[in-house]
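What follows is one structure encoded as structure tokens, with my remarks underneath.
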Amino acid sequence: MELDIQDIVSEILSAMQIPFGSVEVEMKEDGRTYRVNISSEESSLLIGKHGENLQALQSIAKLITYRKFPDQKDFSIEIDVDNYRKRQEDSVIEIANRKADYVRQTGSNQSLPPMSPYFRRVVHMHLMQPEFDDLETESSGQGNFRKVVIKLAN
């Protein structure tokens, strides 16, 4: 399946006439998510403003892959360009860890900045690990202003 996804993403990039160096596909630890990292001299074009182009490319790749393999829908694809998304994930997790420490020290709820559904999920999943069992998270706000709130568990 990795090679099929690699071919699909490579074909999309070629059709878009975007030069790229390599397309690497690996299975994440969850056993159902394929992480695709594209290396390209045109990374800013592929990423777009606030990752919008990256998200669109991911949606197209998922759609094509799901149609090509209709019997195998128990998987997901995450596309990254020059590890842009990975660096953002690491940054969001670092902020969440600092806010979690502050909540533990003060008992006061802390809000993270507004973020996309994807990054809110990253925070929620990170703070569900056993070392954070004294904390809970919830999303609040509307639309583009939706954010994660970290608080002490009841």
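The values are calculated or read from the model by the stated rules, or taken from the named source; none is laboratory data. Owing to the predicted nature of the structure, the values given are computational and were not obtained by experimental measurement. We place every Cβ from the backbone using ideal geometry, glycine too, and count neighbours over all the protein chains shown.
Tell me whether the stretch 40-47 contains one or more residues that are under 17 Å from the mean Cα position of the chain (by Cα) and at positive phi.
So far as the stretch 40-47 goes, no, none of its residues is under 17 Å from the mean Cα position of the chain (by Cα) and at positive phi.
Checking GLN17 against (1) crowded, with 17+ Cβ neighbours inside 10 Å; (2) at pLDDT below 95, which test does it fail?
(1)
For the stretch 119-154, what are the residues that are touching a helix residue (DSSP H, G or I) at 6+ places or on another chain (Cβ under 8 Å) and within 23 Å of GLU78 (Cα to Cα)? Walk me through it before giving the result.
Taking the stretch 119-154 first, the residues touching a helix residue (DSSP H, G or I) at 6+ places or on another chain (Cβ under 8 Å) are 119, 122-123, 126-127, 132, 134-135, 137, 139, 146-148, 150-152.
Result: PHE119, VAL122, VAL123, HIS126, LEU127, SER139, ARG146, LYS147, VAL148.
Residue-by-condition table, conditions (1) over 19 Å from SER116 (Cα atoms); (2) modelled with pLDDT of 90 or more:
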residue	(1), (2)
ILE5	yes, yes
ILE8	yes, yes
GLY21	yes, yes
VAL36	yes, yes
SER39	yes, yes
LEU54	no, yes
ILE60	no, yes
THR65	yes, yes
ASP71	yes, no
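Filter the stretch 48-70 down to the residues that are at positive phi and surrounded by 13 or more Cβ atoms within 10 Å (Cβ to Cβ), then identify the one that is nearest to the chain's Cα centre (by Cα). First the steps, then the outcome.
So in the stretch 48-70, the residues at positive phi come out as 48, 50-51.
From the residues that got through so far, the ones that are surrounded by 13 or more Cβ atoms within 10 Å (Cβ to Cβ) too are 48, 51.
On the way: GLY48: 15, GLY51: 10 Å.
Residue satisfying both the conditions and the ranking: GLY51.
Out of the helices (runs of 4 or more DSSP H) lying entirely within the stretch 39-154, which hold 2 or more residues that are without any contact (Cβ under 8 Å) to a residue 12 or more places away in the chain?
Values: elements: 43-47, 52-68, 84-106, 117-126.
The qualifying helices (runs of 4 or more DSSP H) are 52-68, 84-106, 117-126.
Quick one: ASN154 ticks every box in (1) modelled with pLDDT under 90; (2) of a type outside the set (Val, Ile, Thr); (3) closer than 15 Å to ILE93 by Cα except a single one, so which number is it?
(3)
Only one of (1) under 17 Å from TYR118 (Cβ atoms); (2) assigned to a helix (DSSP H, G or I); (3) polar (S, T, N, Q) is not met by SER14, so which one is it?
Unmet condition: (1).
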